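*Asks:* This is the structure I want to talk about, given as structure tokens.
Just so it is clear, none of the values below were taken in a lab; they were calculated from the coordinates. Small disclaimer: the values here were computed from a predicted structure and weren't measured. With ideal geometry, Cβ positions are generated from the backbone for all residues, glycine too; neighbour counts draw on all protein chains shown.
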Amino acid sequence: MRRILLAATGLAALFAVFAPRALPDGEPVPPAAAAEPPARPRMSPQTEECITCHQSVTPGIVADWLASRHARTTPETALRAEPLARRISVAAADALPEPLRKVAVGCFECHGQAPESHPDTVEHADFKIHPVVTPNDCKTCHPVEVEQFAGSKMAHAHDNLAKNPLFHSLSETLTAGAEVKGGALHVLPPADATRLDTCYGCHGTAVTVSGKRTVSTDLGDFELPVLTGWPNQGVGRINPDGSRGSCAACHTRHEFSLEVARKPFTCGQCHLEPDTPAFEVWQESKHGNLVLSQQQGYTWDAVPWTVGTDFRAPTCAACHASLLVSPGGETIAERTHDYGSRLWVRLFGLPYAHPQPKSGATHEIRNADGQPLPTTFAGAPATSFLISEKEAKRRRAGMTKICAACHGSSVPLAHFAKLDGTIAETNRMTLAATQLVEQAWARGLADRSNPFDEPIERKWMRQWLFYANSVRYGSAMGGPDYATFRNGWFGLTENLREMEEWLALRRKPADGK
Amino acid sequence: MRRILLAATGLAALFAVFAPRALPDGEPVPPAAAAEPPARPRMSPQTEECITCHQSVTPGIVADWLASRHARTTPETALRAEPLARRISVAAADALPEPLRKVAVGCFECHGQAPESHPDTVEHADFKIHPVVTPNDCKTCHPVEVEQFAGSKMAHAHDNLAKNPLFHSLSETLTAGAEVKGGALHVLPPADATRLDTCYGCHGTAVTVSGKRTVSTDLGDFELPVLTGWPNQGVGRINPDGSRGSCAACHTRHEFSLEVARKPFTCGQCHLEPDTPAFEVWQESKHGNLVLSQQQGYTWDAVPWTVGTDFRAPTCAACHASLLVSPGGETIAERTHDYGSRLWVRLFGLPYAHPQPKSGATHEIRNADGQPLPTTFAGAPATSFLISEKEAKRRRAGMTKICAACHGSSVPLAHFAKLDGTIAETNRMTLAATQLVEQAWARGLADRSNPFDEPIERKWMRQWLFYANSVRYGSAMGGPDYATFRNGWFGLTENLREMEEWLALRRKPADGK
Amino acid sequence: MRRILLAATGLAALFAVFAPRALPDGEPVPPAAAAEPPARPRMSPQTEECITCHQSVTPGIVADWLASRHARTTPETALRAEPLARRISVAAADALPEPLRKVAVGCFECHGQAPESHPDTVEHADFKIHPVVTPNDCKTCHPVEVEQFAGSKMAHAHDNLAKNPLFHSLSETLTAGAEVKGGALHVLPPADATRLDTCYGCHGTAVTVSGKRTVSTDLGDFELPVLTGWPNQGVGRINPDGSRGSCAACHTRHEFSLEVARKPFTCGQCHLEPDTPAFEVWQESKHGNLVLSQQQGYTWDAVPWTVGTDFRAPTCAACHASLLVSPGGETIAERTHDYGSRLWVRLFGLPYAHPQPKSGATHEIRNADGQPLPTTFAGAPATSFLISEKEAKRRRAGMTKICAACHGSSVPLAHFAKLDGTIAETNRMTLAATQLVEQAWARGLADRSNPFDEPIERKWMRQWLFYANSVRYGSAMGGPDYATFRNGWFGLTENLREMEEWLALRRKPADGK
């Protein structure tokens, strides 16, 4: 039946329907043809078959892919770009499987790779296809990026929640069900749906194959895998093939647009208030104002990304990930997909801000109290798991170089000194809250066996998870509102006094004082 | 005096000042002229007179209208479009009043229609004009849309608040004034200004003619109606002519831009956190990220709206209203102006999520306890007023077809199964809060005669109105932050423990336990 | 060494790298050359030298400046524009220092002006340069704007916080540090970093020269001033030369883009919820919806700014600052840089909404109770410091004229009458909260010596600073969500009942009642 459809519609008709956009530059184009869009590369015969049906079955993603660079270049062509302009990191064409080299990077090239390594592989039409494309597939052409990402906290985002007993308890407590029985409130474990909706929505689920099902369609019967934890695009997703991460979390399928990945709305899928108000603080900042006001004049998909001409003010990607050069061609920052690797301090308090961890697998950290936390409840950092002062200094110099593309040296110097002060001060505010909640524990007013479930404990959590974090993000990026009123110092100071009042209200005469 | 002005400025000069933009395609244009914008149709003589003065009196709206499709086409021309591309739903030209057929849809065509049916009609210059254009006016050319809308919850948004004794009490309580007398707090009815600012700002006011006033201007004296509840663009506005709704709520006057109506900022006028965080959750979602990143490349005003080529990721309109087709021309979803009609479940808890009501006039619902609510306080749905399981299944299949334009069947299947779980779980969390507030009522700690005014009752309201709703919207559209921290599960679990603590603090020794 | 660099790169190469954008119109261009971008004016030799190094040292800001109007015109050319189209307010070219007249407004023209008056001036290469450009520098070409701004509340934003003992106490209390000693919470003064991050981030710091430092670079050693309170772009910044304000707060350096200043993201750097939700309310409003949906079709940098053709719906700038004309060329509103001068009422409650102050230096106000507040705690306005009813009426008529560009007279008439009602009603809600907190003070449950630090006092503050303000902004601009649920009436009514409950819980048997 597929053959009939192919004859009926034809790929020529398809291309007529999906009007191509001009290919962004970056790859060499024969001079004579420079004025017109380059010819599309040929698709593999397998991909042609995929598209023959899917143009009518799932037309949206076919249109997406046809607009992608993957549809308009081949790995071999991509490798001919100048090193700094290259969007592919495999060393040379002969390091690629032969069938991939001269064809567009189509459906089959990704969904049909190494079928035996993917437990979700099914017989689909005449092919072995896996729905869940993983970093192992992307690695064929993009090994450097996948390798960098694999070492990041993002790649371990699932495990850092699920395998850290304390954080696992935290997430299970925040999302727990409840019922009232005999007049009393009883806590229940979170529903599976809740886990998918909440923490693991961003951290990533563990996707496993729990069975198969058959779907009957106009085109015949198809076997499909039944997947747990699916759909999910969490950044630390555990895939059926055992790999970690979803490149689509940021490089949204199936256009895989660099523009999208570099725009802050992508990071804003997860890095939101009240716990990590990175998107909102950036939006409030002068940088955010400039980008949001003038984004239509930026060249969003240039590689490398030139400060001042391609873009005027940074998005998240500029400071944390992208390959940046000056208009004169000097490299300002190398590309990285280990998103914490340009940072020296981790603003996100657990419960205190601390030097960045050495390894992305933070669930392996143990502090001096034996807890799986980068700092103790009293604030002592788990030094052996965290980067050295020397490394911190090196990273700070690297970030300063990015600032210096637009700012004289006095600006980052004073800015980061201020940030140091804010980290110390917000850590002190966290310590004060910790000492108050410990009074509640010591006096039997709350039960420390689960430190995250009672109202006074939630106030303690709010102190570090919402208020101290907001102040630090506000300080780091310049968002006075978030540092002041919106979950900022207003909260930090109010919360301590409310904790004090809570304790005072429960003081028995025998407590003295 | 108007004649003098006309002579002085002239309409030719006007058109020179207001530079026209090219008319979007969709209507047949003679092939030879295809490259240039079509000639403007002629205005009616009445509209010409309106514009002669109003180009200087209210130039902004004249400019708006001149940029509109209404200014560049006539009903007769609009009817010549292919059925799927048609933006007018009257059956044929001869169903239209003769004077409207061959002129632009100008000031007089709307503000001068059926003057006797509009109590706000005044003598204005030489014409009978009514300021409040209503669905009855729009219906002349757009009968199908007005009819669909008339059955929707939106059309009844005013009555569903004002005629439902419980919701009326809720809205009057939330917005009540107060004063302290003799040391005690006394509650006062809401001010009229408050009602206009708050609930009825979105739900729509009842606009009535309370008198006339005369305005003296350079162009002479003019009589104007004095209107109560005006200005207002609420979606369920009761108009002076008795009709319900304001088409301008979404199709903003006077450009009536389809682009504006389809962009999520329109829906975001009302569907905002903390009660209905639809806009914010969408913005956080992958869909929102894609649209916000790439909106400049979309064709926002195409009719029909083609998935994959006109737009790549959905806004509110795509899933809830627009006529969608595939690039191959197959209809994916019919247009509807009954905005709940593609939905099977109503996420918005009153106090529990429940099947969509059959009728938009939800104030007519009575549950098993006799309350005007779609569910009882214990969670039992008022089944006879709600759609059947069969109808729910049909609607779910229709929405799945929209998803399937871009997603394989496993995605909507698993996604909606997850949503089912989340609805059950958040309803359970609402039940627990209800059982706790009922303890407060039973123990005389709060007075259930008004269930919305006391602090412990507000905590109960927060449970369903803010937290459970946020979780459901977060689940339905993929917004983990809203499902977790931002009014989500963090709130659901914290709130229950705070309610429990509130009760415990007020337990008298005699209460036992 | 600089000379060598100059030879090596050359300014011709520079201009090749930084591709120019077409200059927006507004200045006369010789007819023959109208189709091509005008030739760049020459730079001063000093600016040429600056750029020779800085194109590699800080390439981002060089690119920014090259894209600016400052780089493409000279003061003399700018003066040749028609009066309404003029972007420079010096009376005539001969009022300008001769060296500035015929060159681009480059690095040296601003950073090298009147070096002796700038305490931050250093020897830099062969020049005397000051990093902190101030309104005194901008005033050379833009005296009218600087003069207007100098009288505004914004120009006094630092002093209005720092020199008002009550507000100073408020800001120091909100941002105070804390530690627990001997089990008790002790309050500490705010850290310097905190002051920079929070209130003074928007209000502006006092920038002083505390010393010098030497930086060794590849280009040699450079002396730089060490500045306190730097970097800062707060709108009321006290500069080393004693002037007030930072023009860069809105006219972001170094492109000084009118587009950016007119877009609401600029105002949204500071005017955010929960205290001043101007940006968010506007975003929710119909006006915000229209601008956000159609901003790409606006002409953002036209002078004057024409209602209906350059823009269709207002941003902050349109109503509060810009020179507006009708398509016919009639002036609708004069330009002002005294941003409160079009307003009659100050919505921002301190603690009550009140008529606008006469002077921007609000710290000089004393109310009938001797407090430095525009109203007493009981609500009596400090009339002699506030504008008269006659002046209020004049301003209201001026704003009505702006509304009337798009709305018939009934709309602003009813809209502002509603706003009057809302001001009265929210002031009453503030009074009720004040009377409750005064009960706490009277009964010794709280200490009024610092009225901003205890939990019950924070609830009082929330009433006027968050909830009443949100309702008023929501009313003024049409944001029902902010007037209702999002810090609006839900908060106003809930908060009073919680204050009442707080008092009741602490009622001793002896208290009676």
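*Asks:* Going Cα to Cα from residue A:181, which lysines come in below 20 Å? Please leave out same-chain ones fewer than 8 positions away.
*Replies:* Result set, ordered by chain and number: B:459, B:513.
*Asks:* Now for a separate question. I need the inter-copy label distances for residue B:296: point set 7 Å along Cα to C-beta, values in nm with one decimal, smallest first.
*Replies:* Relative to the other copies, residue B:296 has label-point distances of 0.7, 0.7 nm.
*Asks:* Please rank C:436, B:386, A:84, C:185, fewest neighbouring Cβ atoms within 10 Å first, as an exposure proxy. Spell out each step's value before the answer.
*Replies:* Values: C:436 25, B:386 21, A:84 13, C:185 17.
Going from sparsest to densest Cβ surroundings: A:84, C:185, B:386, C:436.
*Asks:* Could you give me the ³J(HN,Hα) list for the stretch C:361-371, computed from phi with Karplus coefficients 6.51, -1.76, 1.60 and θ = phi - 60°, whole Hz, x at Gly and Pro?
*Replies:* After applying 6.51 cos²θ - 1.76 cosθ + 1.60, I find 7, 5, 5, 8, 5, 10, 8, 4, 8, x, 7 Hz.
*Asks:* Counting only residues 5 or more places away or on other chains, whose amide H sits under 5 Å from the amide H of residue A:188 once H atoms are built in the peptide plane?
*Replies:* Here the answer is A:177, A:178, A:179, since their amide H atoms fall under 5 Å of that of residue A:188.
*Asks:* Now a separate question. Using the reciprocal of the averaged 1/r over all distinct C-alpha pairs, how large is the Kirkwood radius of chain C in Å? Working shown, then result.
*Replies:* Numbers: mean 1/r = 0.0391 Å⁻¹.
Answer for chain C: a Kirkwood hydrodynamic radius of 25.6 Å.
*Asks:* Another question about this same structure. Mind checking the log10 I(q)/I(0) for the stretch B:336-413 at q = 0.25 Å⁻¹? Debye, one equal scatterer per Cα, no solvent, two decimals.
*Replies:* -1.13
*Asks:* Taking a label point 7 Å out from Cα toward Cβ, give me the nm distances from residue A:378 to the same spot in the other copies, shortest first, one decimal.
*Replies:* In nanometres, ordered from closest: 5.5, 5.5.
*Asks:* For peptide B:78-91, compute the average count of partner chain beta-carbon atoms within 10 Å of each residue's beta-carbon. Don't jump to the answer; show the numbers that get you there.
*Replies:* Working: counts 0, 0, 0, 0, 0, 0, 0, 0, 0, 0, 0, 0, 0, 0.
Averaged over the peptide's residues, the number is 0.
*Asks:* Roughly how crowded by other chains is peptide B:247-253, in terms of the mean Cβ count from those chains within 10 Å of each of its Cβ atoms?
*Replies:* Working: counts 0, 1, 1, 1, 0, 8, 2.
Whole-number average of other-chain Cβ neighbours for B:247-253 is 2.
*Asks:* Per q in 0.17, 0.22 Å⁻¹, report the Debye log10 I(q)/I(0) for the stretch C:308-347, using one uniform scatterer on each alpha carbon and no solvent.
*Replies:* -0.47, -0.73
*Asks:* Can you tell me which lysines have their Cα less than 23 Å from the Cα of residue A:390? Leave out same-chain residues fewer than eight positions away.
*Replies:* The reachable lysines, counting only those whose Cα sits under 23 Å from residue A:390, are A:153, A:358, A:401, A:418.
*Asks:* Given a Förster distance of 41 Å, report the FRET efficiency between residue B:506 and residue B:424 from their Cβ-Cβ distance, rounded to the nearest 0.05. List each step's numbers first, then the result.
*Replies:* Values: r = 31 Å, r/R0 = 0.77.
Between residue B:506 and residue B:424 the formula returns 0.85.
*Asks:* Let me ask another. Using alpha carbon centroids, what distance separates the stretch C:249-286 and the stretch C:299-360, in Å?
*Replies:* The distance from the Cα centre of the stretch C:249-286 to that of the stretch C:299-360 comes to 14 Å.
*Asks:* A follow-up question, please. Check which residues have an amide H placed less than 5 Å from residue C:124's amide H, if you skip close sequence neighbours.
*Replies:* Amide H neighbours of residue C:124, under 5 Å, 5+ apart: C:129.
*Asks:* Gain in length, residue C:400 to residue C:116, computed as 0.36 nm per residue apart minus the alpha-carbon separation, to one decimal in nm?
*Replies:* Details: separation 284, 0.36 × 284 = 102.24 nm, distance 4.67 nm.
Here the segment from residue C:400 to residue C:116 would lengthen by 97.6 nm.
*Asks:* Now, a different point. Output needed: Cys residues of chain C lacking any neighbouring Cys C-beta below 4.7 Å, sorted by number.
*Replies:* Unpaired cysteines in chain C: C:53, C:110, C:138, C:141, C:199, C:247, C:250, C:319, C:403, C:406.
*Asks:* Another question, then. Along the stretch B:63-78, what does the Karplus equation 6.51 cos²θ - 1.76 cosθ + 1.60 (θ = phi - 60°) give for ³J(HN,Hα), rounded to whole Hz, x for Gly and Pro?
*Replies:* Calculated HN-Hα couplings, in order: 4, 4, 5, 4, 7, 8, 5, 4, 7, 10, 9, 10, x, 5, 5, 4 Hz.
*Asks:* Find, among the residues of chain A, the one whose Cβ sits nearest the axis of the rotation taking A to C; state the distance in whole Å.
*Replies:* Nearest Cβ to that rotation axis, in whole Å: A:296, 4.
*Asks:* Cα centroid distance between the stretch A:79-101 and the stretch A:396-472, in Å?
*Replies:* What the calculation gives is 44 Å, centre to centre.
*Asks:* Please report B:388, B:243, B:359 as a ranked list, fewest other C-beta atoms within 10 angstrom at the top and most at the bottom. Walk me through the intermediate numbers first.
*Replies:* Working: B:388 11, B:243 21, B:359 14.
The order, fewest Cβ neighbours first, is B:388, B:359, B:243.
*Asks:* Per residue of A:455-468, what is the mean number of Cβ atoms on other protein chains within 10 angstrom of that residue's Cβ?
*Replies:* 2
*Asks:* Excluding residues fewer than 8 places away in the same chain, name every one of the lysines whose C-alpha is closer than 22 Å to that of residue A:128.
*Replies:* Residue A:128 reaches A:102, A:139, A:212.
*Asks:* Taking the Cα atoms of the protein assembly as shown, what is the range of coordinates along each of the three principal axes, in descending order and whole Å?
*Replies:* Computed over the Cα atoms, the extents are 92, 84, 83 Å.
*Asks:* If you don't mind, there's one more thing I want to ask. Quick one: which residues, 5+ away or cross-chain, put their amide H under 5 Å from the amide H of residue B:206? H built at 1.01 Å from N.
*Replies:* Hits under the 5 Å cutoff: B:238.
*Asks:* Separate question: Tell me, what HN-Hα J-couplings in whole Hz come from the Karplus equation 6.51 cos²θ - 1.76 cosθ + 1.60 at θ = phi - 60° for each residue of the stretch B:164-176, using x for Gly and Pro?
*Replies:* Running phi through 6.51 cos²θ - 1.76 cosθ + 1.60 with θ = phi - 60° gives 8, x, 6, 5, 4, 4, 4, 5, 5, 6, 5, 10, 5 Hz.
*Asks:* Between residue A:358 and residue B:388, what FRET efficiency follows from the Cβ-Cβ distance if R0 is 60 Å, with the result rounded to 0.05? Write out the running numbers ahead of the final one.
*Replies:* Values: r = 59 Å, r/R0 = 0.99.
Efficiency, from the Cβ-Cβ distance: 0.50.
*Asks:* Would you mind listing the distances between the residue B:84 label point and the same position in each other copy? Use 7 Å along Cα-to-C-beta, nm, one decimal, shortest first.
*Replies:* When each copy's label point is compared with this one, the spacings are 4.8, 4.8 nm.
*Asks:* Need one number: nm distance between label points at residue C:417 and residue B:91, each 7 Å from Cα along Cα→Cβ, rounded to one decimal.
*Replies:* 4.5
*Asks:* Tell me the mean residue ellipticity at 222 nm calculated for chain B from its helices only (DSSP H runs of n ≥ 4, each -39500 (n - 2.57), averaged over every residue, nearest 500).
*Replies:* Working: 23 runs with 205 residues, N = 513.
Result for chain B: -11000 deg cm²/dmol, rounded to the nearest 500.
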